[in-house]
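Contents: one structure, followed by commentary.
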Amino acid sequence: DMAKLITVFGATGTQGGSVAYALLEDPDFKVRAVTRNASSDKAKALQEKGAEVVEASLDDPSTLGPALQGAHGVFVVTNYWEYKDKDREVEQGKAIADAAKAAGVLHVVFSGLESAQKLTGIPCPHIESKAEIEEYMTSLELPVTFVRYSFYYENFLTEMKPQKQEDGTYILGVPMEGAALEIVSAADMGPAVRTIYRNWARWVRRSAALSGDRLTVQQMADILSKHLAPKVFKASDMTADAFGQLGFPGAEDLGNMFKFYRLHNPDRSVETTRQLHPAAKNFDTWVAENKAALENGLD
């Protein structure tokens, strides 16, 4: 059995889950799904599909070696928003990088981001943490591919769900000030990552920018209005700076992120993404497929 074993961190989350399921569909791979709670419904579902499920935590480096034992590859995703603590996220990334180096893992795929600070001088902790982890992995000379996800379509189901106005319309509170934004379905990118694992020589020590569509916020609103009629959606006219002043935890960080997206327009590519995953969903397709979930989330 020459199937390559890939250890997938965050396997019960959106990014990692998509990667785990895509690999499980391919007989050339076996999956070791890492979770902090092996008895969760999502962990059991992965097990039923053929994954080996193990418990480990990026906060506990002693658990990482065993999770990587015998693995050809590892998929790593860290979550800034869980603790809103940049140093903690960087520590997690360094711990898994060290463990992968020690275990001799041949292909690390890390969900990273380029440095907004270095490119534009804009401080953005949740971006900087991933950029620092990328730099550390590069310094270790790990055989790593960085996958840099665009803004998620899924954010419209969660943090950025459309807000109902007094006149009954809904506002998309994404403060892009008229600029286009690269966006992607995080749950749809597993096949793209699988292609990267299948093509080690092409992708090792490279980065892949993942995007399913490039739209202005008003274009996104028009697509939502089309599928969720008679509800009407509109783009917010709020500036990124005003968004940063909203005062909720992380507001300044996110406002700066949107400013970075507007001013720098990070190097994302729908074309590259379609080469990796020809069936990658554009926003229109995703909204059509997720109509019920979007409607259920609205006030």
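Quick rundown of the values:
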{"read-out": "Matching residues, segment 290-299, being in contact with a strand residue (DSSP E or B) (Cβ under 6 Å, 6 or more places away or on another chain) and either open to solvent by less than 50 Å² (accessible area, probe 1.4 Å) or closer than 15 Å to Ala186 by Cα (or both)", "value": "none"}
{"read-out": "When residues of segment 134-156 are limited to those that are of a type outside the set (Phe, Trp, Tyr) and under 15 Å from the mean Cα position of the chain (by Cα), the one most open to solvent (accessible area, probe 1.4 Å)", "value": "Arg148"}
{"read-out": "Subset of segment 170-190 that is in a loop (DSSP other than H, G, I, E, B) and open to solvent by less than 20 Å² (accessible area, probe 1.4 Å) - its residue that is farthest from Leu210 (Cα to Cα)", "value": "Pro175"}
{"read-out": "Pick from segment 88-133, criterion charged (D, E, K, R), in contact (Cβ under 8 Å) with a residue 40 or more places away in the chain and assigned to a helix (DSSP H, G or I), ranking: surrounded by the fewest Cβ atoms within 10 Å (Cβ to Cβ)", "value": "Lys101"}
{"read-out": "Condition met for Val76 (in contact (Cβ under 8 Å) with a residue 24 or more places away in the chain, under 30 Å from His264 (Cα atoms) and open to solvent by less than 60 Å² (accessible area, probe 1.4 Å))", "value": "yes"}
{"read-out": "Checking Val287 against (1) closer than 16 Å to Leu215 by Cβ; (2) open to solvent by 50 Å² or more (accessible area, probe 1.4 Å), the condition it does not meet", "value": "(2)"}
{"read-out": "Lys118 being under 14 Å from the mean Cα position of the chain (by Cα), over 21 Å from Phe243 (Cα atoms) and of a type outside the set (Ser, Thr, Tyr)", "value": "no"}
{"read-out": "Selection status of Glu166, open to solvent by 10 Å² or more (accessible area, probe 1.4 Å), on the phi < 0 side of the Ramachandran plot and free of Cβ contacts under 8 Å to residues at least 24 places away in the same chain", "value": "yes"}
{"read-out": "Given (1) in a helix (DSSP H, G or I); (2) in contact (Cβ under 8 Å) with a residue 12 or more places away in the chain; (3) of a type in the set (Asp, Glu), index of the condition Glu82 fails", "value": "(2)"}
{"read-out": "Residue count, segment 247-276 (criterion: among the aliphatic types (A, V, I, L, M) and open to solvent by 90 Å² or more (accessible area, probe 1.4 Å))", "value": "1"}
{"read-out": "Matching option when the condition is open to solvent by 10 Å² or more (accessible area, probe 1.4 Å) and in contact (Cβ under 8 Å) with a residue 60 or more places away in the chain, among Arg202, Arg206", "value": "Arg206"}
{"read-out": "Out of Thr120, Thr145, Thr158, sole residue that is closer than 21 Å to Val204 by Cβ and polar (S, T, N, Q)", "value": "Thr145"}
{"read-out": "Count - residues of segment 209-246 that are of a type in the set (A, V, I, L, M), open to solvent by 70 Å² or more (accessible area, probe 1.4 Å) and touching a strand residue (DSSP E or B) at 6+ places or on another chain (Cβ under 8 Å)", "value": "0"}
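The values are calculated or read from the model by the stated rules, or taken from the named source; none is laboratory data. In this text, all values refer to a predicted model and were calculated from it rather than measured experimentally. All Cβ positions, even for glycine, are placed from backbone atoms using ideal geometry, and neighbour counts span all protein chains on display. These accessible areas exclude ligands, DNA and RNA; they are computed on the full protein's heavy atoms, side chains included. Shrake-Rupley method; radii C 1.70, N 1.55, O 1.52, S 1.80 Å.
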